[in-house]
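Q: Input: one structure, supplied below.
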Amino acid sequence: MKLKTTCRAALMAGLIAALAGCGNDDRRDPIYDAAYASLFGGGDEDNKPISDQEIAATLAATDLPVIRLRIEERKSEAVAFEIERNGEHRTYGTASRQAIVLRHGMITATRGLGGDLMSVEEDALLRLVRARSAGQARFVQRFLTPEDVTEVLAYSCTVTPQQQVEVTPGVSGMAVRAACSSETEPDFADVYIVDAGGRDPRRAAMAGRDHRLRHAAAAAALINATRHA
Amino acid sequence: MARRAGIAALLAGATALAGAAYPETVPSYNLYGLPGLVDMPDANMSPDATLGLTYGRMGTANRGSVSFQIAPRLVGTFRYTGIGSFDHRASVDGVYYDRSFDLRFQLLTEGTWRPSVVVGLQDFIGTGIYSAEYIVATKTITPGLQVTGGLGWGRMASYNGFGGFGTRSEEILDEGGKPTTDRWFRGDIAPFGGVAWSPDDRLTFKLEYSSDQYDLERENSTFEHNSPINVGMDYRFKGGSQLSLYYAYGSTIGAQYTYTMNPKTLGVPGGVETAPLPIKPRTGAEARDLGWISELAATEATTQTRLARSLKREKLELEGFRLEPHRATLRLRNETYGATSQAVGRAARSMSRIMPGSVEEFVIIPSENGVPASAITLRRSDLEALENEAATEMLVRTRFDEAPADTPKMDLEDYPKFLWSLAPYYGYATFDPDGPLRLDLGVSLRGTIEFTPNIVLSGSLNKKIVGNLDDVTRESESKLPRVRTDYAEYAREADPKIPRLTLGLYGKPAPQLYSRLTLGYLEPMYAGASAELLWKPVDSRFALGAEINYVERRDFDMLFGLQGNETTDPVTGITRSFPHVNGHVSAYYDIGNGYNAQLDVGRYIAGDTGATVTLTREFANGWRIGAFATKTDISAKDFGEGSFDKGLIFTIPVSIGTGQPSRNDSTLTIRSVQRDGGAKLAIDDRLYERIRENHEPDVAASWGRFWR
């Protein structure tokens, strides 16, 4: 009896695996697909960074502005292309439909990464960074909680211009550090590179067709821009 | 290739976030499944909405419980207990099974000098075996060190009590289920207290003085009470669950496992679904360009085709469309996104990329089962200006109306549509003394034919593979027609089975009025016809509904046969019949802050008349936790164990487990006892829940998802 029950349980497990993808009804519970993926897939993914050769090949294949996303915590990287402009905001999308929105190089939103940054209040901070001026600015981030309620995180940021740095050969800018603290959240600091002419950091970093954005600051900021539960 | 791997890793990382909890402090739980020391309560409260599941054993007693932090200051508990070697006429094989409910309210929150003060009712609606009341205070002296003291009544005044007010019955009630108000805060009073010390985040040591002498267990069982002092230790695992070990009453050891979760913090914040399309802003010239109007019909056709294609990529469906020089109206079907706001947001983004420049107004009409449920009007220039602003900016500029009379007609190109799937299923039965939890697992073949979106034939065929539901052998007498208590017969004889096979017709006979007609095998035990009418204004928190059913009992094999509405009691042999017609008038009210109330008044399946009150707390992400109680004209004696029908409802959205958007959920109804009084049909496509998801209060509650 015990053996029979065990055999049936094994049969059940096998069937769940076999049935996970059966059907043409998109509305069926995705939980089975997720269970299938966690049992039988996902383990063979590698997290190796994108090589410079791959970046070069990508740049050669498109005229669109390109950014390189890196989330240190997840050890993952992706290449994103500019897919839309709305005022000063630029939306970059990856081939698998993840998106990041930048305003003059500052991340104002992410989508599809999990724990997405929904929007920010960045005017005051961006003004100081772009002017390469020292000062204090208020900065607000909005996230969705797992309950789907908007959570507003308010920071006070101290902006400090630092030394001149070379982004790529022939392209340089001033590093401007924004150290932000909050009464309820962990502190974080971003470093932006603002070009010598006072132009926006994105343009500085993107100067020259073969040296389009390798946006270290964007990648660093992205870690802070996705909320980890 | 590497890029794909990298992106998959991004997603894998995001998925790994699922299940993580915010580091809000959940207090230690005691053997009764509530915040406390070892056996005594303390005055701690869990974070709002915490759901705590505990299983503990002390001596010969097993206690399992579910606690829910109903509000920041109010917690409720349901407990199922089995006491071994218990000499009582209701014991089964020497084990006395009992269900009990507790409520606890925080009178004072903790301040700099003031302790937290809580008043509690324990087993206030059951047989009374655990009946007690208490007032308890807890103060944090230094971080990690808490002192608790309180006064108990009833069971919690059985050791070293002193005279209180009035006298108190200690009888174990046979039927239970009624509030034992004649006992509350009566009889002796006794002090209790203790200390809890947490040297770090993982460990807590507890010492308590208990005022419970375990009189009933000492008299009827083998329990020994040698000391009022109990000691315990909790270990808190990384995920938040707790393992507790106790030495209690100088005679016995105990152990307990506690698992807590919170609908507010469980899951991936914002989900892991792909990014939406960006809004495509227009230039001034594009917005003024009306040149396309000369070919309005042709442009409408091509625009519709492009929009339908774009929506399909968003897993949405264009059900109807109309284009005017300054307005586009989309009849939208959403079977993907749990939040209507997200479906509407994605549709609006698609429209911004496809509509001719002069179109300034987007009217999106969510269609539910082919029925226009509301009209959500957005200005395109607002979408362009506010894409990167707080979502509330867009909400205040959004208009919610009734779906207009000239809603675009359904475009039925892809119909009839046949959908099928093969998936696992489970069935369960709880609280049978011979097996407190029974489970069946098997495969379910499900099929749906949508002749049109509002005429739907659907059904499923289930085949069990493994399980023990059919082991139920207990037969209990019922004084009513056996409209539900024959569930064991169904469990034994139905395999394979057709739980449901129905033709559903949905309509909107008048503004604010929605209708449903369901024909066929309505639920596992009944077949027939069910008609429902719902009145629900789009901006209202109030709704009224009426449902009338004509049913006949299905054969025990749950296939196509019917057996008439006569039942024979296996214990007494008495045959009783019940009417074909039952139904209810229902009132629904959205109280606000996620609390909802429902009142159903009418005739139940067995022919009894009465009312059901349901109170639920709902969360924007789809979680729903509630309780219901039904009182009909059946006396408590005729109803049998439990006195009246009552239970708890837990609805868990599928998206919590996957991080992917879904309108599917899983509902678990736990009844303390399944009897025949107050029984309603288990129809699964009632109107209210689906219609209101498209109305202003619900859409606004999850509006944060509009830009997601």
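Q: Just checking, which of B:308, B:347, B:298 is among the aliphatic types (A, V, I, L, M), at pLDDT 95 or above and either more than 22 Å from residue B:270 (Cβ to Cβ) or more than 31 Å from the chain's Cα centre (by Cα) (or both)? Before the answer, list the steps.
A: Numbers: B:347 fails: either more than 22 Å from residue B:270 (Cβ to Cβ) or more than 31 Å from the chain's Cα centre (by Cα) (or both); B:298 fails: at pLDDT 95 or above.
Only one candidate passes the filter, namely B:308.
Q: Okay, next question. What is the residue count in region B:452-511 for residues that are at pLDDT 95 or above and of a type in the set (Phe, Trp, Tyr)?
A: Here the count works out to 1.
Q: Determine whether region B:362-373 contains at least one residue that is crowded, with 19+ Cβ neighbours inside 10 Å and within 13 Å of chain A (Cβ to nearest Cβ). Can you show your working first?
A: Of all residues in region B:362-373, those crowded, with 19+ Cβ neighbours inside 10 Å come to B:362-373.
Next, from what is left, pick out any that are within 13 Å of chain A (Cβ to nearest Cβ): B:369.
Yes, because at least one residue in region B:362-373 is crowded, with 19+ Cβ neighbours inside 10 Å and within 13 Å of chain A (Cβ to nearest Cβ).
Q: Counting just the residues of region A:86-100 that are more than 7 Å from chain B (Cβ to nearest Cβ) and assigned to a strand (DSSP E or B), which one comes out farthest from residue B:281 (Cα to Cα)?
A: Applying the filter and picking the extreme gives A:100.
Q: Looking for whichever is in a strand (DSSP E or B), more than 14 Å from chain A (Cβ to nearest Cβ) and closer than 19 Å to residue B:150 by Cβ here; the options are B:204, B:260. Which one fits? Even if it seems obvious, please write down each step before you answer.
A: Numbers: B:260 fails: closer than 19 Å to residue B:150 by Cβ.
The unique qualifying residue is B:204.
Q: Which residue pairs have Cβ atoms under 7 Å apart, sit 6 or more places apart or on different chains, and have a first residue in region B:107-122 that is within 20 Å of residue B:142 (Cα to Cα) and a second that is in a loop (DSSP other than H, G, I, E, B)?
A: Sorted first by the residue in region B:107-122, then by its partner, the pairs are B:108/B:114; B:115/B:43; B:116/B:43; B:116/B:44; B:116/B:109; B:116/B:110; B:117/B:43.
Q: Determine, yes or no, whether residue A:83 is at pLDDT below 80 and facing another protein chain (nearest Cβ under 7 Å). It would help to see each step written out before you state the result.
A: Numbers: at pLDDT below 80: no; facing another protein chain (nearest Cβ under 7 Å): yes.
Spelling it out, it is not the case that residue A:83 is at pLDDT below 80 and facing another protein chain (nearest Cβ under 7 Å).
Q: Please go through region B:460-510 and give me each residue that is of a type in the set (Asp, Glu) and touching an Asp or Glu at 6+ places or on another chain (Cβ under 7 Å), ordered by number.
A: The first filter runs over region B:460-510 and keeps only residues of a type in the set (Asp, Glu), leaving B:470-471, B:475, B:477, B:486, B:489, B:493, B:495.
Once the filter is applied, which keeps residues that are of a type in the set (Asp, Glu) and touching an Asp or Glu at 6+ places or on another chain (Cβ under 7 Å), region B:460-510 yields B:477, B:493.
Q: Inspect all residues belonging to region B:211-219 and state whether any of them is under 16 Å from residue B:63 (Cα atoms) and without any contact (Cβ under 8 Å) to a residue 60 or more places away in the chain.
A: Checking region B:211-219: at least one residue is under 16 Å from residue B:63 (Cα atoms) and without any contact (Cβ under 8 Å) to a residue 60 or more places away in the chain.
Q: Let me ask you something else. Could you tell me whether region B:460-477 includes any residue that is in contact with a strand residue (DSSP E or B) (Cβ under 9 Å, 6 or more places away or on another chain), outside the structural domain of residue B:92 (by TED's automatic domain parsing), free of Cβ contacts under 8 Å to residues at least 24 places away in the same chain and on the phi < 0 side of the Ramachandran plot?
A: No, region B:460-477 contains no residue that is in contact with a strand residue (DSSP E or B) (Cβ under 9 Å, 6 or more places away or on another chain), outside the structural domain of residue B:92 (by TED's automatic domain parsing), free of Cβ contacts under 8 Å to residues at least 24 places away in the same chain and on the phi < 0 side of the Ramachandran plot.
Q: I would also like to ask the following. Based on what the data block shows, is residue B:382 acidic (Asp, Glu), surrounded by 15 or more Cβ atoms within 10 Å (Cβ to Cβ) and either within 14 Å of another protein chain (Cβ to nearest Cβ) or touching a residue at least 12 places away in the same chain (Cβ under 8 Å) (or both)? Please lay out each step first, then the result.
A: On the way: acidic (Asp, Glu): yes; surrounded by 15 or more Cβ atoms within 10 Å (Cβ to Cβ): yes; either within 14 Å of another protein chain (Cβ to nearest Cβ) or touching a residue at least 12 places away in the same chain (Cβ under 8 Å) (or both): yes.
Judged against the criteria, residue B:382 is a match.
Q: When you look at residue B:659, is it within 14 Å of another protein chain (Cβ to nearest Cβ) and on the phi > 0 side of the Ramachandran plot, yes or no?
A: Details: within 14 Å of another protein chain (Cβ to nearest Cβ): yes; on the phi > 0 side of the Ramachandran plot: yes.
So residue B:659 passes the test.
Q: If you check residue A:77 against the conditions, is it facing chain B (nearest Cβ under 8 Å), modelled with pLDDT under 80 and assigned to a strand (DSSP E or B)?
A: Details: facing chain B (nearest Cβ under 8 Å): yes; modelled with pLDDT under 80: yes; assigned to a strand (DSSP E or B): yes.
Against the criterion (facing chain B (nearest Cβ under 8 Å), modelled with pLDDT under 80 and assigned to a strand (DSSP E or B)), residue A:77 qualifies.
Q: Could you please find all residues in region B:77-111 being polar (S, T, N, Q) and crowded, with 19+ Cβ neighbours inside 10 Å? It would help to see each step written out before you state the result.
A: Let us first name the residues in region B:77-111 that are polar (S, T, N, Q), namely B:77, B:81, B:85, B:91, B:100, B:106, B:109.
Hits for region B:77-111 are B:77, B:81, B:100, B:106.
Q: Output the helices (runs of 4 or more DSSP H) that fall wholly within region B:653-708 and possess 3 or more residues being in contact with a helix residue (DSSP H, G or I) (Cβ under 9 Å, 6 or more places away or on another chain) and among the hydrophobic types (A, V, I, L, M, F, W, C), or say none. Explain how you work it out, then say what you get.
A: Details: elements: B:655-658, B:687-692, B:696-701.
Ranges flagged: B:696-701.
Q: Could you please give the count of residues in region B:378-410 that are within 20 Å of residue A:142 (Cα to Cα), among the small types (Gly, Ala, Ser) and within 34 Å of the chain's Cα centre (by Cα)?
A: Looking only at region B:378-410, we keep the residues that are within 20 Å of residue A:142 (Cα to Cα), and these are B:382-397.
Narrowing the set further to residues that are among the small types (Gly, Ala, Ser) leaves B:385, B:390-391.
Keeping just the survivors that are within 34 Å of the chain's Cα centre (by Cα) gives B:390-391.
The total comes to 2.
Q: Pull up region A:151-162, narrow it to residues that are hydrophobic (A, V, I, L, M, F, W, C), surrounded by 14 or more Cβ atoms within 10 Å (Cβ to Cβ) and under 30 Å from residue B:594 (Cα atoms), then point me to the one that is farthest from the chain's Cα centre (by Cα).
A: Narrowing region A:151-162 to residues hydrophobic (A, V, I, L, M, F, W, C): A:152-154, A:157, A:159.
Next, from what is left, pick out any that are surrounded by 14 or more Cβ atoms within 10 Å (Cβ to Cβ): A:153-154, A:157, A:159.
Adding the requirement that they be under 30 Å from residue B:594 (Cα atoms) leaves A:153-154.
Details: A:153: 18, A:154: 20 Å.
Filtering region A:151-162 for residues that are hydrophobic (A, V, I, L, M, F, W, C), surrounded by 14 or more Cβ atoms within 10 Å (Cβ to Cβ) and under 30 Å from residue B:594 (Cα atoms), the one farthest from the chain's Cα centre (by Cα) comes out as A:154.
Q: Looking only at residues that are charged (D, E, K, R) and either surrounded by fewer than 17 Cβ atoms within 10 Å (Cβ to Cβ) or within 18 Å of residue B:346 (Cα to Cα) (or both) in region A:109-150, which one is farthest from the other protein chains (Cβ to nearest Cβ)?
A: Start the filter on region A:109-150 by keeping residues that are charged (D, E, K, R), which leaves A:111, A:116, A:121-123, A:127, A:130, A:132, A:138, A:142, A:147-148.
Now narrow it down to the ones that are either surrounded by fewer than 17 Cβ atoms within 10 Å (Cβ to Cβ) or within 18 Å of residue B:346 (Cα to Cα) (or both): A:111, A:116, A:123, A:127, A:138, A:148.
Working: A:111: 3, A:116: 5, A:123: 11, A:127: 16, A:138: 14, A:148: 4 Å.
Per the criteria, the residue is A:127.
Q: If I ask for residues that are in contact (Cβ under 8 Å) with a residue 12 or more places away in the chain and within 14 Å of chain A (Cβ to nearest Cβ), which ones from region B:662-683 would you list?
A: The initial filter retains those residues of region B:662-683 that are in contact (Cβ under 8 Å) with a residue 12 or more places away in the chain, namely B:662-663, B:665-683.
B:662, B:663, B:665, B:666, B:667, listed by residue number.
Q: Do we find that residue A:90 is in contact with a Ser or Thr (Cβ under 9 Å, 6 or more places away or on another chain) and not aromatic (Phe, Trp, Tyr) in this structure? Lay out the reasoning, then the answer.
A: Numbers: in contact with a Ser or Thr (Cβ under 9 Å, 6 or more places away or on another chain): no; not aromatic (Phe, Trp, Tyr): yes.
So residue A:90 does not fit the description; no.
Q: In addition: For residue B:114, are the conditions met, namely being in a loop (DSSP other than H, G, I, E, B), modelled with pLDDT of 90 or more and surrounded by fewer than 23 Cβ atoms within 10 Å (Cβ to Cβ)?
A: Values: in a loop (DSSP other than H, G, I, E, B): yes; modelled with pLDDT of 90 or more: yes; surrounded by fewer than 23 Cβ atoms within 10 Å (Cβ to Cβ): yes.
The answer is yes for residue B:114.
Q: Okay, next question. Could you list, in sequence order, all residues of region A:57-74 that are of a type in the set (Ser, Thr, Tyr) and more than 10 Å from every other protein chain (Cβ to nearest Cβ)? Break it down into steps so the answer makes sense when it comes.
A: First, pick out the residues of region A:57-74 that are of a type in the set (Ser, Thr, Tyr): A:58, A:62.
A:62, the sole residue that qualifies.
Q: Please verify whether residue A:54 is over 25 Å from residue B:273 (Cβ atoms), facing chain B (nearest Cβ under 10 Å) and not in a loop (DSSP other than H, G, I, E, B), treating the condition exactly as stated. Quick ask: steps written out before the conclusion?
A: Values: over 25 Å from residue B:273 (Cβ atoms): yes; facing chain B (nearest Cβ under 10 Å): yes; not in a loop (DSSP other than H, G, I, E, B): yes.
Yes; evaluated as a whole, the condition is true for this residue.
Q: On the given criteria, is residue B:403 buried (at least 18 other Cβ atoms within 10 Å of the Cβ), at pLDDT 95 or above, aliphatic (A, V, I, L, M) and touching a Gly at 6+ places or on another chain (Cβ under 6 Å)? I'd like the intermediate steps shown before the answer.
A: Details: buried (at least 18 other Cβ atoms within 10 Å of the Cβ): yes; at pLDDT 95 or above: yes; aliphatic (A, V, I, L, M): yes; touching a Gly at 6+ places or on another chain (Cβ under 6 Å): no.
In short, no.
Q: Follow-up question, since we're still on this one. Please find, within region B:274-290, the residue that is surrounded by the most Cβ atoms within 10 Å (Cβ to Cβ) out of those that are more than 7 Å from chain A (Cβ to nearest Cβ) and assigned to a loop (DSSP other than H, G, I, E, B).
A: We begin by selecting, within region B:274-290, every residue more than 7 Å from chain A (Cβ to nearest Cβ); these are B:277, B:282-290.
Filter again for assigned to a loop (DSSP other than H, G, I, E, B), leaving B:277, B:282-283, B:289-290.
On the way: B:277: 24, B:282: 20, B:283: 9, B:289: 14, B:290: 12.
The extreme case among them is B:277.
Q: Would you point out which residue out of B:323, B:330, B:296 is under 29 Å from residue B:661 (Cα atoms) and more than 14 Å from every other protein chain (Cβ to nearest Cβ)? Talk me through it step by step, then tell me what you get.
A: Details: B:323 fails: under 29 Å from residue B:661 (Cα atoms); B:296 fails: under 29 Å from residue B:661 (Cα atoms).
Residue meeting the stated conditions: B:330.
The values are calculated or read from the model by the stated rules, or taken from the named source; none is laboratory data. This structure is a prediction, so every number in the text was calculated from the model and none was measured. Ideal geometry is used to build each Cβ from the backbone, glycine not excepted, and the neighbour counts take in all protein chains shown.
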